[in-house]
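Below you'll find the structure, written out as structure tokens, and then a few comments.
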Amino acid sequence: MAEKRIRLVVVTGAGSGIGRATAERFAARGAEVIVADIDEPAAERTVAGIEGDGGRAYAYALDVAEPLPGRRSQMASAPTTGSLTCWSTTPGS
């Protein structure tokens with residue numbers, strides 16, 4: 001079976017730790033990454049690292065404890081180039 005190519009991924013908790021490593025790994029494999037974290041400056045640092053390595057990423061302050069409709073409206077403004085193909089939840093990592 002052929003491996004599905006991840007084109008656009010949201011990684012929550014991506015400001016540090018396992019979440020950051022997950023975002024960096026997806027970016028290294030060519031995915032466009034939405035770096036979501038409750039700590040927006042931390043998310044921006046992750047994005048800077050990904051972009052420094054030639055990847056595409058966007059930082060979003062996102063509280064995964066917020067009800068789903070609120071999270072959807074936050075993500076709707078993402079300046080991405082495709083449809084979401086993966087969501088990785090790694091809060092508090």
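Values in this text are rule-based calculations from the coordinates and carry no lab data. If you're wondering where the values come from, they're calculated on a predicted model, not measured in any experiment. Positions of Cβ are backbone-derived with ideal geometry, glycine not excepted, and every protein chain shown enters the neighbour counts.
For Arg7, Arg29, which order do you get if you count the other beta carbons within 10 Å of each Cβ and list the fewest first?
Ranking Arg7, Arg29 by Cβ neighbours within 10 Å, fewest first, gives Arg29, Arg7.
Please give me the summed charge of the neighbours of Ala43: other residues whose Cβ is under 10 Å from its Cβ, Lys and Arg +1, Asp and Glu -1.
Local net charge: -2.
For a quick check: sort Leu62, Leu8 by the number of other beta carbons within 10 angstrom, fewest at the front.
Leu8, Leu62
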